[in-house]
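The values are calculated or read from the model by the stated rules, or taken from the named source; none is laboratory data. Since the model is a prediction, treat every value here as computed from it, not as a measurement. Cβ sites come from the backbone with ideal geometry, for glycine too, and all protein chains shown count toward neighbours. The area values use the complete protein model at the heavy-atom level, side chains included, leaving out ligands, DNA and RNA. Shrake-Rupley method; radii C 1.70, N 1.55, O 1.52, S 1.80 Å.
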Amino acid sequence: QWHWSDGIGKLWIWANGTVSLFHYGESESMTLSPPLQMQEKQEFHKKMNPDSLTHPPEFTVKPRGQTVWEGKNVTLHCTVAGWPKPRVAWYKNNVLIDAKAHPEKYTAESSYNMHSLEIKKCNFSDTAEYRISALNVKGESSAFASVIIKRKFPRRMLLSLPPPEYGVTFRTSIIDKFGVAFGREGETMSLGCTVVIYPTVKRYQPEVLWYRNDVLLAPSKWVHMHWSGDRATLTLVHLNKEDEGLYTLRINTKSGFDTHSAYVFVRDTDVEVEGVPVAPLDVRCHDANKDYVVVTWKQPAVEGSSPILGYFIDRCEVGTQQWIQCNDTPVKYARFPVTGIIEGRSYIFRVSALNKCGVSRPSRISDPVVAMDPSDRAPGPSAPWTGVIRFTEEDPTVGVIPGSPTDLEVTEATKSYVVLSWKPPLQRGHEGVMYYIEKCLVGTDTWQRVNTGMPVKSPRFALFDLAEGKSYNFRVRSCNSAGVGEPSEETGATTVGDRLDLPSAPGPVVAIRNTASSVVVTWGASKEDKSLVRYYIEVSVVGSNVWVPCNNKPVKGTRFVCHGLNTDDNCVFRVKAVNAAGYSTHSSDPSWNWDLGYYLDYRTVKGNVKSKWHEVNLKAVTTTTYKVENLKENLFYQFQVRAVNQTGISEGSVPSTPFECKEWTVAVPGPSHGLRVLEVRKDSMVLLWEPPTFNGRSSVTGYYVDVKEEKGKWRGVQERSTKETYMKISGLKEGTSYQLCVFAKNVVGVGGPSKSLGPVVAETRPGTNEIVVDVDDDGVISMIFECSEMSEGSQFVWSKNYKALTDTSRLNIETVGGKSRAIFKDPSLEDLGTYSCVVTNTDGVSSSYTLTEEGLKRLLELSNEHQFPIIPFKSDMAIELQEKGRVRFWAEVGKFTANCQVEYVFNDNIVTQGKKYTMNFDKNTGIIEMFMDSLEVTDEGTFTFNLVDGKATGRTSLVLIGQEFAELQKKSEFERAEWVRKQGPHFVEYLSFEVTPECDVYLKCKVGNIKADTEIAWFKDKIEIEEGDEDAQKIGIAEGVLSFNIGKVRQLWEVTELVCVRSRESKISHSDRVQCGVTGEQLWLKIKEPTDKDKGKYAIDIFDGSAGVKREKLSYYILSDCFLLLVDRARVVGGLPDVVTIQEGKSLNLTGNVWGDPVPEVSWTKNDKVLQPDEHYTLKFEHGKFASMTIAAVTSVDSGKYALVVKNKYGTEAGEFTVSVYIPEDEAEKKD
């Protein structure tokens, strides 16, 4: 903002130097030229920073367009430079190519800065323009290449086609090659080769590229490149150890490329003080921020006369010559966070090593790094001048206290420092935030601010001067001009100490090849190789006790060629590993080991002239066969083999006779080889072999095995060929010697026999063990093999289907002494097969186990039982109702220990002993009980007993919901009410009647627990009978039985069944026309609209249920209309209207009176469809007499014909009514 006397405006300064002033609708623009001093300073910085720290992607080698025939593969190559390292993506006609989703079509690879896209089996649709895009924070760059796929035409069509558009085919040869070179720090070295390109094309310029350790080199003040037309030269100015490595010259032409490589060694310059270490190397800067940068380096090869105590780091601001030491005390970790730098300035760094004798020379300076936030390194979009002035309000976030930082974590922890990192808060405004860091010693509540004087700007911070071995918690607060925010979440306890341990010693060093001045050495990798930097190799002439480094720049891998040795010197080698924590001890001395490997050499023979021996395999092989490829036809070759173990390499074998390299012309396969036997038993053995070297006219389709007893004839083992290269031969005779051979076959026929193996005696040696399958208590399935004949150097070798186990994702191998376990990680159908184990350096100790699908299923079941044992129950949870309405839940456990614990759960919530629940677990009987005094509405749900007995678990549940819960709750309430009722006078037998033979009717009931003050009252038609009433004389009481004598009555038939019959004893069917029934004391038969067919004699059979049948004869007279009434028949006796009219939105409640014995079943229907209770319909049936229906908030949809349907065993009846719902607005419209 810019302040005027009459208000506030805004001043914008654009990147192009234009200044815009905004003030109340007026604006001015001008271009400011930077002062001369500023220009000079900018030029000075440009000179001091010739190589910018970050730069956008740039294609140093662009992909080339190609034209190929259909069906061929095409590969596009390119090389991209840029920092930070660009991310690349390939496009086809501007459509992104997803190589991972289509691996059958595309393969995209990236190695260092070189990228490639392979298009497989091209067809005509692959003709397109392909683009590769490289992107980093500095920008984006693209390169294009056209791919044309040509279809093949018949020969007769080729005559009419135009000639192909091919250019000149170049042949490139590199001669006068540079060899292995040695230099010293500070010197200048040149590497050069003469390049011959045929044919010679005037002014043709090939692409000349130089690489160091497969990383493309670019010209700089340290590296100069020159091409004279026929010679490529690389000059290394002021050599340093960083320049050591494998240098490669690559010459690219339109027709292909040619390369040449050689190693360059750079030795340390002489030290100024005897015994001090040499300078560290490879100083780099990482994670640069506004006020923080991490510096790393690699330890030197020579520590001097004493071990290195630590390192000093110096910094220098670019443009000055003043070096400032960053650490007061030396650090041993090869990584150090540098603080105290100023935002926006560029710095370079160097490192020196320290031991007891002094300080080394400083390392080569690092590349310059700018102290700024990573997000500020990429230029933002420039604001274009539009010529329009716009006003903006003040930023509403100004003056807001920032929130808490997030994702706080400890990224590094060493003895010297701890590094914290976090993310800025989401609420921070636009004025920027800074941070305060606080620490707290674990066990205390006191927080101490670390950077009290000045808050930091970067979301990184290094804390020094912490007590080693102590544990701290850390947190961060954000702050701005508005104040300090709330603290972040704590990191948790962090102990001050090195998280990265020193690497373990590499394995023994073995020299496998040598020349007059070089030796190839290999060694075993350090066990902690994940964080390993690399290796240093040292050599010593035997007897001198002086160790000299072979390399001054640590190398990766476990193989290195040591050059510069003196001929006829007897040398020994050792290796040490190095990582950021320091050096390992030197490689261990070789121990005797019988594990053999083999190296194969070859040479050409022409007459009596023999060439030098050349190595065939760079890595030792353990088999006794090897296929040599890339030989030249019609030349004669000789071969020799050398054995190697950890003690060294043997002399070469006697050379073979010369072999002529020519095509195998025999149609059938050659003989198999490498026959060997395993698992020799008294009645079986396993034979293994290698496929033939030559397959014949077609590939091998199977094998036959023949066997011969000592004095017998050869006989086939199997009728059908096997595709495997192993076979178990059974049915052998114990103590008999056998010879074996193998035949290979293809579609043409069966080849010749292999060299026979044997004699082998079929016997089971004493002490022979077999593989045992075990399932431990944790459910882990494993195969165990034990051997009592172990010797020094013996090892257990496991295989599947007699092939070495290379995939460790399925099995873990654990070996202790003479016992080895193969542990399945996740057993599945993928693990089916034959597993075998061989013990090396023994007399054929071996065994096998075949895992079948059925066996796997059995093992998995057993594993599950061991892993998740189940506690059995004799009786699952049950429920019973006790006195007073008390509810008892119980179960009986079958098998358990004294440690068994029970957890009582209701609806997934644990319940405990209290007023509501009473629990008991009788461990003598195994009965678990839980009591509840009463059931409430909230007790509806699932009750569970969870048992835990060590690893074993058990569970039994009872679901008590719906009708079952309602009935149990009703019974519980009834039982409790009965118990309460019986505490005073109560009815033991309820009121009933009895008719004597004299037709006297007595009403009687039995009452219990009658006391002297108990009052008894009788009622007739709801009116109490007083003592002076006439009926009071009819009341009697004897032994708790109350009686009331009503008097005599006439004998009546209790009609239980009424059947109407007509002549010929045919039963009359009840229909709408013919009906019969009872009304009071009148029995009736009704026939509507009688006809002549209805004439005849009728009779009514009356059943009383006990005494028999009484038949009454009727004439044919037609009785008057009446209703069918039976004494106990279900019926609706009233309460329901015929029509109900109700306003929409109101609630409707209807109650019908029901009668019947037994109590009828009740249901409601709407338009002849049965209604179900829900939120809209509430249906109730209470006391066996009152059926009610409530409709909540009726709508027009609820209009219709309803019925209350009652039913018992004597009949069914429906009380029908109509519901009409009206809308007030509609009624008002009708009136209008």
Per residue solvent-accessible surface (Å²) - the range 1155-1232, probe of 1.4 Å: 64
Per residue value of the accessible surface for the range 739-862 (all protein chains in place, 1.4 Å probe), Å²: 53
The chain: relative contact order in percent, alpha carbon pairs under 8 Å with at least 6 residues between: 4
What helix-only [θ] at 222 nm does the chain give? Using -39500 (n - 2.57) per DSSP H run of at least 4, over all residues, to the nearest 500, the answer is -1500 deg cm²/dmol
Pseudo-spin-label distance D230 to E854, built 7 Å along Cα→Cβ, given in nm, is 8.2
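Using per-residue counts of other Cβ atoms within 10 Å, averaged over each peptide, order 624-630, 1158-1164, 934-940, 997-1003 from highest down.
Order by mean packing, descending: 1158-1164, 934-940, 997-1003, 624-630.
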Assuming R0 = 22 Å, what is the FRET efficiency of N864 and T897, from their Cβ-Cβ distance, to the nearest 0.05? 0.60
Taking 0.36 nm per residue of separation and subtracting the Cα-Cα distance, what length does fully extending L1171 through E274 add? 312.3 nm
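So what is the accessible area of the range 870-1000 per residue, in Å², with the probe set to 1.4 Å?
Each residue of the range 870-1000 exposes 61 Å² on average to a 1.4 Å probe.
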Expected sort for 66-78, 191-203 on mean C-beta neighbours within 10 Å, highest first, is 66-78, 191-203
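What number in nm² do you get for the range 170-211 if you take the convex hull of its Cα atoms and divide its surface by four? Spell out each step's value before the answer.
Values: hull surface 16.8 nm².
Average of the hull's projected areas for the range 170-211 equals 4.2 nm².
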In debye to the nearest 20, the charge dipole size for the range 631-687, taken about the Cα centre with +1 at each Lys and Arg Cβ and -1 at each Asp and Glu Cβ, equals 180
Residues other than Y917 with Cβ under 11 Å of its Cβ, Lys/Arg counted +1 and Asp/Glu -1, net out at -1
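What's the extension gain from T764 to E490 if we count 0.36 nm per residue and subtract their Cα-Cα distance?
Extending this stretch completely gives an extra 91.9 nm.
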Could you put E690, E770, E1015, E679 in order of accessible surface area, largest first, with the 1.4 Å probe and the full protein assembly present? E1015, E770, E690, E679
The FRET efficiency for E651 and S737, from their Cβ-Cβ distance with R0 = 30 Å and rounded to 0.05, is 0.25
Gain on full stretching of the segment that runs from T446 to L96 - 0.36 nm per residue minus C-alpha separation: 120.4 nm
Given F868, I313, P1090, which one lies farthest toward the positive end of the charge dipole of the chain, if we put +1 on the Cβ of every Lys and Arg and -1 on the Cβ of every Asp and Glu? I313
Rounded to 0.05, the calculated FRET efficiency for the beta carbons of T1218 and E1089 at R₀ = 30 Å is 0.50
Cα gyration tensor shape of the range 805-899, rounded if a/c is under 1.5, else prolate or oblate by comparing a/b with b/c: prolate
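Given the convex hull over the Cα atoms of the range 851-976, what projected area results after averaging over all orientations, in nm²?
9.8
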Could you work out the local net charge near L1136, counting Lys and Arg as +1, Asp and Glu as -1, over the other residues with Cβ closer than 13 Å to its Cβ? -1
Cross-link list K150/K254; K895/K915; K290/K332; K708/K733: which exceed 22 angstrom alpha carbon to alpha carbon? K895/K915; K290/K332
Relative to the compact globular guide of 2.2 N^0.38 Å, what is the alpha carbon radius of gyration of the range 306-348, as a ratio? 1.32
Using a 1.4 Å probe and counting only protein heavy atoms, arrange F124, F796 so the residue with the most accessible area comes first. F124, F796
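In terms of the ratio Rg/(2.2 N^0.38 Å) built on C-alpha atoms, what value belongs to the chain?
Working: Rg = 51.4 Å, N = 1232, 2.2 N^0.38 = 32.9 Å.
Normalised by 2.2 N^0.38 Å, the Cα Rg of the chain equals 1.56.
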What is the antiparallel percent of DSSP beta bridges lying wholly in the chain, to the nearest 5? 95
Of the heavy-atom accessible surface of the chain (probe 1.4 angstrom), what whole percent is carbon and sulfur? 51
